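Report on the structure given below.
The values are calculated or read from the model by the stated rules, or taken from the named source; none is laboratory data. This structure is a prediction, so every number in the text was calculated from the model and none was measured. Every residue, glycine among them, receives a Cβ derived from its backbone with ideal geometry; neighbour counts consider all protein chains shown. Note: areas computed on protein heavy atoms with side chains; ligands, DNA, RNA excluded. Shrake-Rupley method; radii C 1.70, N 1.55, O 1.52, S 1.80 Å.
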Amino acid sequence: MDEYKTQRLAEAVIRENPSRRILDFSMDGEKYWIKRKLGNGRNQLVKYSVEKEFYYEIARITIAGEKHPELVPKIVLLEPSYMVTLDGGPTLKNILTSRRSEEEKEDILEQTGAALAALHRDGIIHGRPALRDITCRDGKLTFLDWENRLYVKSPEEQRAVDFLLLLQGIYRENFDEEKGRIEALERGYFENGGKETIEEARRFLSRHRIIGSMTHFLSPFRMKDIESVRKLYDHFA
């Protein structure tokens with residue numbers, strides 16, 4: 001691809017949107033995303049510099065891409081203040097609310113579970129595999145947003161939390177088809193070497209059962225995040 005043309009178009013978009021962190025543009029029939037070295041408004045209590053966070057994500061994409069290049073964003077241009085990646089298609093969140101058949105949606109979720117298991121088998125933790133941060137294009141999955149820090153220490157717990165966060169993403173949306181979608185994701189993960197991590201997820205929730213008790217106590221208030229965690233506890237009860 002023409003790197004000079006990519007840089008020229010990217011910097012024109014940035015000049016037009018000086019305060020936005022995530023931008024997109026099209027070139028030669030393809031869509032691209034710009035991610036700038038700006039704060040994301042999250043983790044305000046954690047004192048990591050914007051510079052450190054930017055290069056931390058690039059490092060994690062690079063490391064994951066050594067073993068699974070098909071599952072990470074393709075960086076087509078890297079500059080000191082931004083990177084440009086190739087678009088990976090609609091997010092899982094968009095797919096699950098689209099008019100596609102339920103069979104196709106569950107198939108994509110099963111593939112997603114298998115993909116997360118493949119990362120975990122090779123010692124790669126995503127950190128927050130949210131539905132909005134996984135894309136699917138022509139059957140190819142891409143995990144986005146690798147900037148999230150890992151706040152549990154052991155590899156076993158890191159894999160379990162990754163898996164639980166992905167399940168929580170489905171519970172959080174309160175889909176009518178929730179049960180089948182959860183089963184599809186869990187099946188893909190289990191059948192690709194995830195059995196022990198699923199058991200560790202169960203143990204992890206048991207070790208933090210007070211949180212489960214609190215979510216049941218707060219359930220009548222119908223808060224989306226609280227309800228999604230309650231459903232996780234009920235699922236593994």
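Assorted remarks:
- Asp138 surrounded by fewer than 20 Cβ atoms within 10 Å (Cβ to Cβ) and either in contact (Cβ under 8 Å) with a residue 24 or more places away in the chain or under 14 Å from the mean Cα position of the chain (by Cα) (or both): yes
- In summary, Arg60 fulfils each of the numbered conditions (1) open to solvent by less than 30 Å² (accessible area, probe 1.4 Å); (2) in contact with a Phe, Trp or Tyr (Cβ under 6 Å, 6 or more places away or on another chain); (3) part of a helix (DSSP H, G or I) with the single exception of condition (1).
- Filter result for Ala237 (among the small types (Gly, Ala, Ser) and surrounded by fewer than 16 Cβ atoms within 10 Å (Cβ to Cβ)): yes
- Checking each residue in the range 205-224 for being open to solvent by less than 80 Å² (accessible area, probe 1.4 Å) and closer than 16 Å to Leu166 by Cα picks out only Leu205.
- Matching residues, the range 78-90, being touching a helix residue (DSSP H, G or I) at 6+ places or on another chain (Cβ under 9 Å), assigned to a strand (DSSP E or B) and surrounded by fewer than 18 Cβ atoms within 10 Å (Cβ to Cβ): Leu78, Glu79
- Within the range 149-177, considering residues that are basic (Lys, Arg) and under 15 Å from the mean Cα position of the chain (by Cα), the one surrounded by the fewest Cβ atoms within 10 Å (Cβ to Cβ): Arg149
- The set of residues from the range 29-47 being of a type outside the set (Val, Ile, Thr) and modelled with pLDDT under 70 comprises Gly41, Arg42, Asn43, Gln44, Leu45, Lys47.
- Under the condition of being basic (Lys, Arg) and within 15 Å of Gln168 (Cβ to Cβ), the residues counted in the range 183-222 number 1.
- Single match in Lys67, Lys52, Lys93, Lys37 (criterion: within 20 Å of Asn148 (Cβ to Cβ), loosely packed, with under 13 Cβ neighbours inside 10 Å and among the basic types (Lys, Arg)): Lys52
- Scanning the range 1-33 for residues that are assigned to a helix (DSSP H, G or I), among the hydroxyl-bearing types (Ser, Thr, Tyr) and open to solvent by 50 Å² or more (accessible area, probe 1.4 Å) yields one hit, Tyr4.
- Scoring Arg121 on the criteria (1) closer than 27 Å to Gly193 by Cα; (2) open to solvent by less than 50 Å² (accessible area, probe 1.4 Å); (3) not acidic (Asp, Glu) leaves a single failure, condition (2).
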